[in-house]
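Here the structure is laid out as structure tokens; the discussion comes afterwards.
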Amino acid sequence: MTTTQVFTRRDLILISVVIVTTLAAGALHYATDTEVLNFVVAGAALAALASLVGRSVDALGERLGPAATGILQSALGNLPELFVIAFSLKAGLTDVVKSTIVGSILANVALILGLAFIVGGVKHGKQKFSAEQGRNLSLMLTLAVLILAVPALTSALHTPAEGHERTLSVLVSVIMLALFALSLPATLARRHPEGGHTSPIARDPGSEAAIKAAASHGEWPMGLAIGMLAAAGVGAAFVSEWFVAALQPAIVTLGINETFAGLVIVAIAGNAVENVVGIQLMARNQPDYAVQVVLQSPVQVALTIAPIVTLAAPLLGAASFTLVLSPMLIAALLMSALVAVLVVYDGESTWFEGCALVALYCAIAAAFWWG
Amino acid sequence: MTTTQVFTRRDLILISVVIVTTLAAGALHYATDTEVLNFVVAGAALAALASLVGRSVDALGERLGPAATGILQSALGNLPELFVIAFSLKAGLTDVVKSTIVGSILANVALILGLAFIVGGVKHGKQKFSAEQGRNLSLMLTLAVLILAVPALTSALHTPAEGHERTLSVLVSVIMLALFALSLPATLARRHPEGGHTSPIARDPGSEAAIKAAASHGEWPMGLAIGMLAAAGVGAAFVSEWFVAALQPAIVTLGINETFAGLVIVAIAGNAVENVVGIQLMARNQPDYAVQVVLQSPVQVALTIAPIVTLAAPLLGAASFTLVLSPMLIAALLMSALVAVLVVYDGESTWFEGCALVALYCAIAAAFWWG
Amino acid sequence: MTTTQVFTRRDLILISVVIVTTLAAGALHYATDTEVLNFVVAGAALAALASLVGRSVDALGERLGPAATGILQSALGNLPELFVIAFSLKAGLTDVVKSTIVGSILANVALILGLAFIVGGVKHGKQKFSAEQGRNLSLMLTLAVLILAVPALTSALHTPAEGHERTLSVLVSVIMLALFALSLPATLARRHPEGGHTSPIARDPGSEAAIKAAASHGEWPMGLAIGMLAAAGVGAAFVSEWFVAALQPAIVTLGINETFAGLVIVAIAGNAVENVVGIQLMARNQPDYAVQVVLQSPVQVALTIAPIVTLAAPLLGAASFTLVLSPMLIAALLMSALVAVLVVYDGESTWFEGCALVALYCAIAAAFWWG
């Protein structure tokens, strides 16, 4: 399945899509004011760039060994989403920022995992994956979500801490980043399996190989990988700005509210599309890696994106930004975590479980339609 | 334990009870206005008819094979409850309708399952059942409950969707019925165990045999089974109307509120009594089938009764009916699901776990006493 | 590790600390009004006395056999905390009472268990314990917490039961004590392992031995054990009163609010310090006993301390005391239970899981800082 070419057919398609959509998005941004078209094209370019960032990180990782790959992937894997969130915050779209954070978690845990279970289950019947890994990931996701929920609960439940949400959000952010930092030694210790430490956050090397196989990766020399990552990163930064610029007029034209736009559209374009590889892995009957890929991303969003945005908010002109999500976003977050625990804790999946996950996603998304 | 007679002693007792209580309920309905007596007798008749419907469906299923039994049982097993809910809605007793839906789930998950664990545990010590089946059922229950909770959360958490609850309830109902429809192929595939699909909703054939043994079923010819089902169905329709007619004056006389009446009394008469067979199966040390019987019913209530009532509401003169349950009903529902997951996920039960379940049921029911 | 001396070195240190801190606390109480110093010394004395009560109960248990130990430990193990809560209630510090109950559960489930996992994980890598025992304890904790949450939910969710919280709290207390009473036969049946009943509440005899080993217990004659228990109990009663007397002025001086004082400081001094033995057991690679010791205490707090205080409230001049906890305390309680379930259900622990637990504890505690 893998080839020794530098660029596989799939690579070439991806790079072509990136170039075409990025140029088109740029042209539309500077030349026109067709809001909806601008928005759709920039969204497509963003999703393509997110895939290319992921591909470059994997390629770079292959040259640096598994430990570095884990750290790189943890640090850079959600780069495009981080850009979108940062530009949204700078544009004052606070509701978009918060709902995108929740939506990235929800989309992976319910929609992408559900689709992966359906595709895998229809092709291969009941599939089994490592229950231990599933438990680790679902535990981390639940703890991250509960910690993330503390500022919102504090505000929604009218505790005396009302009025101190910014300080509490900063504190919670520091706690989350500390947890993330503590997970890195486990990543570095990955090469010594006897160490007994398994990182619940960073991908394991076997998973890299499986992803490579699923994605028919070629072997990129280190210089190419770094260049591609830099180009994709810069591209993602530009396209994110265009995407956010088109977001507000587009949702007015389309009659969508900011929360729904963030929860569903931005979350899928910025984060979830990249994880489509999880569906491919399930179709290839590699449920272990599929579950790891799909569930790692929401853990990273909760443990790194949310706190970085909170801490960096003053630099983006949003000094009062807090992690106080609306009660319904908190409910969506807690439901996602609960369901993730239930479906992966037993180490088995069926297509019907996948249907139930997608059904939950649709019901929650529908609840945010009006605004 | 099984006999080759058409009617076993147990059948004859059941049919006698059905005839006597139904006639008495009818006489009281048309001849008297002794509200409480009417209500009690109609409740007893309803519980007896619910058992007879269940018995007839099983008998018919024996003639049609396991797949059809599963579908029949899924479609008709909660018929009497559906009638009661429909007549309650027609009578404008919206609170009774909502609390009956929640109460049916709660009564099975906490009261009946708790009593089954106590009876089984006292007789046989710790009992083990298939953890996989327990996980499937508890996953389905949780997903169904979470989807069902979406309209209520939307309303309780003051989201912008306030005012659109009817549309959202219809949407959620369609999603739940779609999930139910998707579970039917799994039921049909049951005959091919290598298919790898296990229906989380419909009973499996072995369970039918065990229930038959527990209930000392005779073999009913198909004509008799169809006739009995039709008679029991028609009877249930009439008695449901009488029961609902007596409900409102009776609760005024007794000083109970509508929510408590629905949550505890109507739910037990209309749904839970039928599942007493689950307690019998536990006493016979067949915990696999017991857990299946007791937990299937609440899943069906959430996935079929709730959406059918919502969609049919305009036909019953309640065009504005929504699935917006009161926050405390939602809390009761979520607690039931959480506890169901915890007690069945490990595939073991003890009498003390049963006591804890019954204790939770009592505490929740007590919270609804005042109104 | 164990010795045949009456007093081990550790015993002598503990008794010395008890005498010195108790005398100092008494002197400060009667002679000075240095609020903060009084409070700190009384808190230290209380923690030391709690350890001595635990030590005496264990010593007495060794003379009475395992069943009696279980019952004694269940009944007297949380004696010092009961005194503090009773004196707080008498002093009208209702918020302290409620937050101490929640804090005792939270501190054990998140802070102490987290520290135990970190210490154990750093020394021994991944540790495995009986998943079955973990499941039993987490199930009991969840059920106890859910039952305890019913009065608060009733009030917070504006049900018609508002205004009846005292009656509902009494009812819930009776239910919890009944559950506790039902757990005693299981304790007594412990000597007959074939009985199949495992008490989810009282310690098992092997655990006593392990605790003895961890704590380098000497063998105390029965008279000494009874005398020591009586002395420690009386001491705890006095010191509790002094501690509560110093509490209110101290928190004014320190600028802490009552809820935070109860949730963090009182809970750790009165209950959690005693469970430090759980951390020692984990360091000795006896995770089975460690998890049992750490999780039993919160179950006992929920099932005995909370209802006893509620029922005894009229004797303490707080006839209107209810179990209506503030919504954020309920959220903290539910999060603790959920996390306890997740971390112990799989029967494994790592140091990183421990870090995540401590992180959750810090985030929740921080949310109560302002008041």
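The values are calculated or read from the model by the stated rules, or taken from the named source; none is laboratory data. Every value quoted in this text rests on a predicted model; they were computed, and no experiment measured them. With ideal geometry, Cβ positions are generated from the backbone for all residues, glycine too; neighbour counts draw on all protein chains shown. SASA here: full protein model, heavy atoms, side chains in, ligands and nucleic acids out. Shrake-Rupley method; radii C 1.70, N 1.55, O 1.52, S 1.80 Å.
Would you confirm, using the coordinates I've provided, whether B:VAL96 is β-branched (Val, Ile, Thr), within 14 Å of chain C (Cβ to nearest Cβ) and crowded, with 20+ Cβ neighbours inside 10 Å?
No, not satisfied.
Collect the residues in the range C:161-190 that are open to solvent by less than 10 Å² (accessible area, probe 1.4 Å), within 8 Å of another protein chain (Cβ to nearest Cβ) and touching a residue at least 12 places away in the same chain (Cβ under 8 Å), keeping them in residue-number order.
Scanning the range C:161-190 gives C:LEU168, C:VAL172, C:MET176, C:LEU179, C:SER183, C:ALA186.
Quick one: in the range B:24-41, which of the residues that are in a helix (DSSP H, G or I) and over 21 Å from B:ILE265 (Cα atoms) is modelled with the lowest pLDDT?
So, considering only residues that are in a helix (DSSP H, G or I) and over 21 Å from B:ILE265 (Cα atoms), the one modelled with the lowest pLDDT is B:ALA31.
Would you point out the residue of the range A:107-143, among those that are within 20 Å of A:ALA337 (Cα to Cα) and among the β-branched types (Val, Ile, Thr), that is farthest from the other protein chains (Cβ to nearest Cβ)?
A:ILE112
Scan the range A:151-160 and give yes if some residue there is closer than 17 Å to A:VAL301 by Cβ and at the interface with chain C (Cβ under 7 Å from one of its Cβ atoms), otherwise no.
no
Exactly one of these conditions fails for C:GLY103: (1) closer than 17 Å to C:MET176 by Cα; (2) open to solvent by less than 10 Å² (accessible area, probe 1.4 Å); (3) not aliphatic (A, V, I, L, M). Give me its number.
Unmet condition: (1).
Kindly list the number of the only condition in (1) closer than 30 Å to B:ALA131 by Cβ; (2) free of Cβ contacts under 8 Å to residues at least 12 places away in the same chain that fails for B:ASN271.
Going through the list (1) closer than 30 Å to B:ALA131 by Cβ; (2) free of Cβ contacts under 8 Å to residues at least 12 places away in the same chain, B:ASN271 breaks only (2).
In the range B:83-163, which helices (runs of 4 or more DSSP H) lie fully inside it and hold 2 or more residues that are within 20 Å of the chain's Cα centre (by Cα) and modelled with pLDDT under 90?
Qualifying helices (runs of 4 or more DSSP H): B:131-156.
Can you work out which of the residues in the range C:1-23 that are open to solvent by less than 40 Å² (accessible area, probe 1.4 Å) and not acidic (Asp, Glu) is modelled with the lowest pLDDT?
C:THR8
Take B:ALA75 and tell me if it is part of a helix (DSSP H, G or I) and at pLDDT below 85.
yes
Residue under question is A:SER199, and the condition is that it be more than 14 Å from chain B (Cβ to nearest Cβ) and either modelled with pLDDT under 90 or touching an Asp or Glu at 6+ places or on another chain (Cβ under 8 Å) (or both); does it hold?
yes
In the list A:ASN285, A:ASN257, which residue meets the criterion of being out of contact with any His (no Cβ under 9 Å at 6 or more places or on another chain) and either at pLDDT 80 or above or not β-branched (Val, Ile, Thr) (or both)?
Matching residue, one of A:ASN285, A:ASN257: A:ASN257.
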